[in-house]
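The values are calculated or read from the model by the stated rules, or taken from the named source; none is laboratory data. A quick note: this is a predicted structure, and the numbers were derived from the prediction, not measured. Positions of Cβ are generated from backbone atoms using ideal geometry, with glycine treated the same way; all protein chains shown enter the neighbour counts. Please note that ligands, DNA and RNA were not included when accessible areas were found on the heavy atoms of the full protein model with its side chains. Shrake-Rupley method; radii C 1.70, N 1.55, O 1.52, S 1.80 Å.
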Amino acid sequence: MSNKDYKEFKKRRDALANKIGDGIAIIFNASETIRNRDSHYPYRSDSYFHYFSGFNEPQSALVILGGKSPKTILFCRNKNIDMEIWNGFIYGPKEAKELFLFDEAYDINLLDEIVLKEIPGHQKIYHRIGQDVLIDQKINDWIKQLKEKGRAGVRAPHEIQDISYIADEMRLIKSDFEIDMMRRSAKIASLAHNRAMKFVKPHMYEYELEAEIMHEFMSQGIRSPAYQSIIAAGGNACTLHYISNNSEIKDGDLILIDAGCELEGYASDITRTFPANGKYTKIQTDFYQMVLDAQSAALKMISPKHHWNEPHDAALSVLIDGFRDFGLCQGSREEIYETGAYKEFYMHRTGHWLGLDVHDAGEYKNVSKEWKQLTPGMTLTVEPGCYIRPSSKVPKEFWNIGIRIEDDVLVTQDGHEVLTKDSPKTIESIEALMAK
């Protein structure tokens, strides 16, 4: 990142300092996690910490003070040549302060000492309550220590609030910087799905397609998927979070791939469903078109004129009609909706917020318990599906059909932008790509 990019994070910190009034916000970074014995899982910063800092080293914490004299303080590891020999570069407080534009920076080992000097006089502490029981205990201990000095005139904060309510609203509306990251992430993930479509052949294994997905990610400079990729052939596609990815792909199978990558922390999340042999059968075509029509109906409901739930309602209406036409559900549309009979074949929502987390921060209803109005800068997925497991109530020719079509969508001033438009999803365009 350039120094210009780090100004984006400083702007967020300044906005948070303004929102907390005379409070003090404390955000801890994620801890490193042991995989086995001397091996760690790849490190990823906590999304809230990253959002306000841009700093990606473990053993770090961020303190933001509001009030008349606002300032930001980073706590991180000291420079340590021996550690750098083993594990790589460490910024250290001095360089981190200058590069990441903090007002102050100190050794993480001084956290307790310095925070206990900064807290007095602030009425509220904001942090992520329940994120970590040890962090909750640490903050309670700080307050207890300050209360014990009450006779000496030390004023301890009298209230602890969850910072998530403020931070989530900030994260819900993406800046131009974030939108650029998400466009790039979506572009790379789209290329990965296209690669899998061109590479697939009957009798290979699901993990071979997963390897092609990862190949494209890494060839574009991305080391990490945004989540564990789903490569589901045939009946495996009827398991929503199938991640074994170890089955043989059979001629005639549909393959559902749900895979996205992570660029500078920002996730893409795409699903495409395509035929292993390059041609949809008549039954596959009919069900696939139903799901595609449901997604098209949902996309028409994404603009600042609509609320969160309208895309879901639109998609669900098309799916219920389709299930009736196929004989999977009986009764009127209203009866099927009220009884929930459709949930045997479509059991999830049509989307979720997207950003630093795949299921990103942000409430779906406002304080009046009404669905949120869609607002320019919001990013969400649109992902209707259809999953037909073997059942005596279902015609055998429908068994093991699993279809999901998912795109990443940005709400704009006059409608929406599909960020994942570079991966084909119509029957004709998918078959044409696979024929090359």
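Of the residues ASP141, ASP136, which is closer than 15 Å to ILE27 by Cβ and surrounded by fewer than 16 Cβ atoms within 10 Å (Cβ to Cβ)?
Values: ASP141 fails: closer than 15 Å to ILE27 by Cβ.
From the options ASP141, ASP136, the qualifying one is ASP136.
Take region 94-130 and flag every residue that is farther than 21 Å from SER69 by Cα and open to solvent by 20 Å² or more (accessible area, probe 1.4 Å). So that I can check it myself, show each step before the final result.
Here is the first cut: in region 94-130, the ones farther than 21 Å from SER69 by Cα are 94-96, 99, 107-110, 128-130.
Selection gives LYS94, GLU95, LEU99, ASP107, ILE108, ASN109, LEU110, ARG128, ILE129, GLY130.
Given the criteria part of a loop (DSSP other than H, G, I, E, B), among the small types (Gly, Ala, Ser), touching a residue at least 40 places away in the same chain (Cβ under 8 Å) and in contact with an Asp or Glu (Cβ under 6 Å, 6 or more places away or on another chain), does GLY355 qualify? Walk me through it before giving the result.
Details: part of a loop (DSSP other than H, G, I, E, B): yes; among the small types (Gly, Ala, Ser): yes; touching a residue at least 40 places away in the same chain (Cβ under 8 Å): yes; in contact with an Asp or Glu (Cβ under 6 Å, 6 or more places away or on another chain): no.
Criteria not met by GLY355.
Please enumerate the residues belonging to region 84-117 that are charged (D, E, K, R) and either more than 18 Å from GLY150 (Cα to Cα) or touching a strand residue (DSSP E or B) at 6+ places or on another chain (Cβ under 6 Å) (or both). Walk me through it before giving the result.
So in region 84-117, the residues charged (D, E, K, R) come out as 84, 94-95, 97-98, 103-104, 107, 112-113, 117.
The answer is GLU84, LYS94, GLU95, LYS97, GLU98, ASP103, GLU104, ASP107, ASP112.
Yes or no, residue by residue, for (1) within 30 Å of GLN228 (Cβ to Cβ); (2) out of contact with any Pro (no Cβ under 6 Å at 6 or more places or on another chain); (3) touching a residue at least 40 places away in the same chain (Cβ under 8 Å); (4) not aliphatic (A, V, I, L, M):
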| residue | (1), (2), (3), (4) |
| --- | --- |
| ASP251 | yes, no, yes, yes |
| THR271 | yes, yes, yes, yes |
| GLN289 | yes, yes, yes, yes |
| ASP293 | yes, yes, no, yes |
| LEU299 | yes, yes, yes, no |
| TRP308 | yes, yes, yes, yes |
| ASP325 | no, yes, no, yes |
| GLY331 | no, yes, no, yes |
(Q) Please go through (1) open to solvent by 20 Å² or more (accessible area, probe 1.4 Å); (2) closer than 30 Å to ARG155 by Cα; (3) touching a strand residue (DSSP E or B) at 6+ places or on another chain (Cβ under 7 Å) for THR33 and return the number of the only condition it doesn't satisfy. (A) (2)
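Out of SER247, SER224, which single residue is touching a helix residue (DSSP H, G or I) at 6+ places or on another chain (Cβ under 9 Å), more than 23 Å from MET182 (Cβ to Cβ) and surrounded by fewer than 19 Cβ atoms within 10 Å (Cβ to Cβ)?
SER247
Select from region 282-316 the residues that are β-branched (Val, Ile, Thr) and surrounded by fewer than 18 Cβ atoms within 10 Å (Cβ to Cβ) and write down the one among them that is farthest from TRP371 (Cα to Cα).
Start the filter on region 282-316 by keeping residues that are β-branched (Val, Ile, Thr), which leaves 283, 285, 291, 302.
Going one step further and asking which of them are surrounded by fewer than 18 Cβ atoms within 10 Å (Cβ to Cβ), we end up with 283, 285.
Values: ILE283: 36, THR285: 34 Å.
In this case the residue turns out to be ILE283.
For region 1-116, which fully contained strands (runs of 3 or more DSSP E) count at least 2 residues that are more than 30 Å from PRO225 (Cβ to Cβ)?
The qualifying strands (runs of 3 or more DSSP E) are 24-28, 61-65, 71-76, 104-107.
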Q) If we scan region 80-93, do we find a residue that is open to solvent by less than 20 Å² (accessible area, probe 1.4 Å), within 28 Å of the chain's Cα centre (by Cα) and under 28 Å from GLY121 (Cα atoms)? A) no
(Q) Name the single residue that is farthest from PHE49 (Cα to Cα) among those in region 155-172 being open to solvent by 40 Å² or more (accessible area, probe 1.4 Å) and without any contact (Cβ under 8 Å) to a residue 40 or more places away in the chain. (A) ARG155
Q. Only one residue in ILE213, ILE222, ILE231, ILE243 is in a helix (DSSP H, G or I), aliphatic (A, V, I, L, M), in contact (Cβ under 8 Å) with a residue 12 or more places away in the chain and at negative phi. Which one?
A. ILE213
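The rows are residues; the columns are (1) open to solvent by less than 50 Å² (accessible area, probe 1.4 Å); (2) assigned to a helix (DSSP H, G or I); (3) aromatic (Phe, Trp, Tyr).
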| site | (1), (2), (3) |
| --- | --- |
| SER392 | no, no, no |
| GLU397 | no, yes, no |
| GLY402 | yes, no, no |
| GLU417 | yes, no, no |
| LYS425 | yes, no, no |
| LEU433 | yes, yes, no |
(Q) For region 40-60, give me the residue count where each residue is surrounded by fewer than 22 Cβ atoms within 10 Å (Cβ to Cβ) and more than 19 Å from ARG171 (Cα to Cα). (A) 7
Q | Residues (within 22 Å of the chain's Cα centre (by Cα), of a type in the set (S, T, N, Q) and within 24 Å of PHE345 (Cβ to Cβ)) located in region 294-309 | A | GLN295, ASN309
Q.
Tally up the residues in region 144-154 that are of a type in the set (D, E, K, R) and either part of a helix (DSSP H, G or I) or open to solvent by less than 40 Å² (accessible area, probe 1.4 Å) (or both), please.
A. 3
Q. Considering only helices (runs of 4 or more DSSP H) fully contained in region 282-342, which possess at least 2 residues that are of a type in the set (Phe, Trp, Tyr)?
A. 282-299
Q. Does region 358-387 hold any residues that are part of a strand (DSSP E or B) and either polar (S, T, N, Q) or open to solvent by 40 Å² or more (accessible area, probe 1.4 Å) (or both), and which are they?
A. LYS365, TRP371, GLN373, THR379, THR381
